[in-house]
1. Inspect segment 27-34 for any residue being within 20 Å of the chain's Cα centre (by Cα), charged (D, E, K, R) and either closer than 14 Å to Leu93 by Cα or outside any helix (DSSP H, G or I) (or both) and give the result as yes or no.
2. Can you tell me which condition Ala216 does not meet? The list is (1) surrounded by fewer than 21 Cβ atoms within 10 Å (Cβ to Cβ); (2) at pLDDT 95 or above, and all the others hold.
3. Looking only at segment 121-168, which residues are modelled with pLDDT of 90 or more, buried (at least 18 other Cβ atoms within 10 Å of the Cβ) and among the small types (Gly, Ala, Ser)?
4. Pull out all pairs, ordered by first then second residue, where Cβ-Cβ is under 7 Å, the residues are six or more apart or on different chains, the first lies in segment 192-204 and is buried (at least 23 other Cβ atoms within 10 Å of the Cβ), and the second is charged (D, E, K, R).
5. With the structure loaded, tell me whether Arg243 is touching a Lys or Arg at 6+ places or on another chain (Cβ under 8 Å), touching a residue at least 12 places away in the same chain (Cβ under 8 Å) and charged (D, E, K, R) or whether it fails that test.
6. Looking for something in contact with a His (Cβ under 8 Å, 6 or more places away or on another chain), under 27 Å from Cys42 (Cβ atoms), crowded, with 20+ Cβ neighbours inside 10 Å and assigned by TED's automatic domain parsing to the domain that holds Asp139 - is there at least one such residue anywhere in segment 176-183?
7. Among the helices (runs of 4 or more DSSP H) contained in segment 48-148, which hold 1 or more residues that are closer than 29 Å to Arg252 by Cα and among the β-branched types (Val, Ile, Thr)?
8. Residues to consider are Arg141, Arg234, Arg184, Arg180; find the one that is in contact with a strand residue (DSSP E or B) (Cβ under 9 Å, 6 or more places away or on another chain), closer than 30 Å to Gly53 by Cβ and not hydrophobic (A, V, I, L, M, F, W, C).
Amino acid sequence: MSAPHPATDPALSGRIGRDARSGYYPVPHRYRLHLALSCPHCLRIAVTHSLLGLEDVIEVTLLPALPDAGADGYAELRPLYEASSHRHPGPALPPVLSDDWSGRTVSTDPAGILADLAERFAGPGHGAHAPGAAVAAADRRYERSISEPAQRAGRADADEGERAAALCGLLDGLAGLERRLSARPYLLGDQPTLADVGLWVTLVQLDTVHRWHLDAAAVHRIAEHPQVWDYARRLAGHPAFGRHLDLDAITRRHHAACRGREAAGAAMQIVDWAEHARARARHGG
């Protein structure tokens with residue numbers, strides 16, 4: 001399995017305030033996002049940025065799929081880390097929200113960055129905005145019911161019973177999601193909102209990363225949730241989602257960090273993500 005994401009340094013978890021008295025306050029063109037689309041946290045931030053229509057408010061700098069060879073993270077990010085944390089001891093990794101005025105890092109905390117995009121720059125009146133409690137609840141639910149059991153189900157160092165139990169948990173989570181999406185096209189209604197972003201990235205990871213460590217029978221059972229995967233395909237065709245999907249980058253990151261064993265399910269892709277992204281492009285998305 002892939003190595004876990006590094007923990008956020010609490011010293012680099014600043015927030016955007018409401019006004020000038022807060023130091024960092026919402027000003028168009030002041031801030032910049034540094035993202036590597038191979039990273040699920042970064043993919044989620046990129047989709048949120050687009051879904052909220054912030055392209056003309058906060059610039060985005062895209063980074064390569066993998067850090068610089070021989071460097072402790074991304075050399076491009078090192079000055080931002082050093083300006084905010086002298087002799088920063090950890091690797092210089094995205095996501096980063098930086099302040100172009102001072103050349104400092106505001107935050108490397110994905111949750112804080114997402115909250116600031118929604119609450120400080122887009123505001124609650126935006127059509128894609130969703131109640132913070134609803135977004136947080138959805139994230140916790142699908143982390144526990146999809147991401148965590150998917151990783152356990154593919155662990156080479158787990159015994160057969162542990163993997164089977166984890167797969168059952170994953171299938172239960174997908175079944176619950178299948179029922180929910182049978183009643184509405186998106187989590188909160190007829191249009192995608194911020195509540196859908198985390199789930200979509202979770203499904204992308206399930207099919208493009210976790211699947212590599214599952215056997216063919218398990219992948220067949222995972223694929224037998226038509227509402228779930230139709231939902232994933234619809235969002236892949238949405239311009240705010242599919243335009244950020246870099247399959248090659250995700251694959252390169254996974255193989256660089258992978259500690260597990262490839263299984264038969266690796267050859268059985270559930271969604272043709274590239275085709276749905278191309279269809280979006282053909283229709284002018």
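The values are calculated or read from the model by the stated rules, or taken from the named source; none is laboratory data. Predicted, not measured: the structure shown is a model, and the values here were computed from it. Using ideal geometry, Cβ is built from the backbone for each residue, glycine included, and neighbour counts are taken over all protein chains shown.
1. Checking segment 27-34: at least one residue is within 20 Å of the chain's Cα centre (by Cα), charged (D, E, K, R) and either closer than 14 Å to Leu93 by Cα or outside any helix (DSSP H, G or I) (or both).
2. Just one mismatch for Ala216, condition (2).
3. Once the filter is applied, which keeps residues that are modelled with pLDDT of 90 or more, buried (at least 18 other Cβ atoms within 10 Å of the Cβ) and among the small types (Gly, Ala, Ser), segment 121-168 yields Ser145, Ser147, Ala150, Ala153, Ala166.
4. Val197/Arg44; Gly198/Arg44; Gly198/Asp139; Val201/Arg44
5. Spelling it out, Arg243 is indeed touching a Lys or Arg at 6+ places or on another chain (Cβ under 8 Å), touching a residue at least 12 places away in the same chain (Cβ under 8 Å) and charged (D, E, K, R).
6. Checked segment 176-183: at least one residue is in contact with a His (Cβ under 8 Å, 6 or more places away or on another chain), under 27 Å from Cys42 (Cβ atoms), crowded, with 20+ Cβ neighbours inside 10 Å and assigned by TED's automatic domain parsing to the domain that holds Asp139.
7. 110-116
8. On inspection, the qualifying residue turns out to be Arg234.
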